[in-house]
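This report refers to the structure that appears directly beneath it.
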Ligand SMILES: C[S@@+](CC[C@H](N)C(=O)[O-])C[C@H]1O[C@@H](n2cnc3c(N)ncnc32)[C@H](O)[C@@H]1O
């Protein structure tokens, strides 16, 4: 099964063991992980009937139903105890945070959390870091006009993250990949365009200039 660039990046971060894909939808990621022998067992979790039905169909059509188990449940509320890796991808950052915070006890046996959120990524770094996990890997991919940030957390002693680490990612800002530079250079261009517009409130001008300065500092 061919994965998108974004899903491939998540796939590449998954360790061997038992993975739960929360918000599995089409099931492509978890099915590929099992079919290629990366994981020995997978759980595909969906909280909506429509995507769940689609998921069951995909699992059955790949003949992996003995090892990729579909679950109709909310987030990690019924996370099986043999899960060591949780993937939550393709959702808003606050939804991801809520899913993780709602049932902290369910993460007891979990040693890896991989997230790919549409937004609120800095908040996600801050919150997951407070749950006993540290950032072990980060990747940025550009696909269909969108930049995605994929973060791998592993269980560990808290490491201090300063404000630029939270905003730009400790690993991403250190590596400064071509994609990372392209994203922030294009944001600077966007800010310059906004600043040229007439009638922007002073407060907004100040905010945009501060953002530009923060980007310049890390680029
Ligand atoms: C946009 S899809 C992303 C699918 C896939 N994870 C990906 O990254 O391509 C988001 C999926 O998450 C599911 N979802 C949202 N909130 C959820 C929750 N609390 N528990 C389980 N699934 C959830 C939605 O039903 C939807 O199918």
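A short reminder: the numbers here are calculations on the coordinates, not readings from a lab. No experiment lies behind these values; they were computed from the predicted model shown. So basically every Cβ, Gly included, is an ideal-geometry build from the backbone, and we count neighbours across all protein chains shown.
Before moving on, here are some points about what is shown:
- Spherically averaged projected area of the range 1-43 from its Cα convex hull (nm²): 2.7
- C-alpha center-to-center spacing [the range 130-176, the range 4-65] in angstrom: 23
- With the gyration tensor restricted to C-alpha atoms of the chain, the semi-axes of the equivalent ellipsoid amount to 34, 19, 16 Å, longest first.
- Packing-based exposure ordering (other Cβ within 10 Å, fewest first) of 189, 78: 189, 78
- Rg followed by Dmax, in Å, when the range 1-128 is reduced to its Cα trace: 13.4, 40
- By average C-beta atoms within 10 angstrom, highest first, the peptides 14-23, 197-206: 14-23, 197-206
- In units of the rule-of-thumb radius 2.2 N^0.38 Å, the range 43-99 shows an alpha carbon radius of gyration of 1.16.
- Relative contact order %, the range 1-134, counting alpha carbon pairs below 8 Å whose residues are six or more apart: 23
- Rounded to 5, the percent of DSSP beta bridges in the chain classed as antiparallel: 45
- Between the Cα long axis of helix 49-61 and the first principal axis of the chain there is an angle of about 60°, rounded to the nearest 10.
- Nearest 10 degrees, 0 to 90: helix 93-102 Cα axis against the chain principal axis: 50
- Once the C-beta distance of residue 61 and residue 130 is scaled by a Förster radius of 35 Å, the resulting FRET efficiency is 0.30 to the nearest 0.05.
- Taking the empirical scaling 2.2 N^0.38 Å for compact globular proteins as reference, the range 71-200 has a Cα radius of gyration ratio of 1.19.
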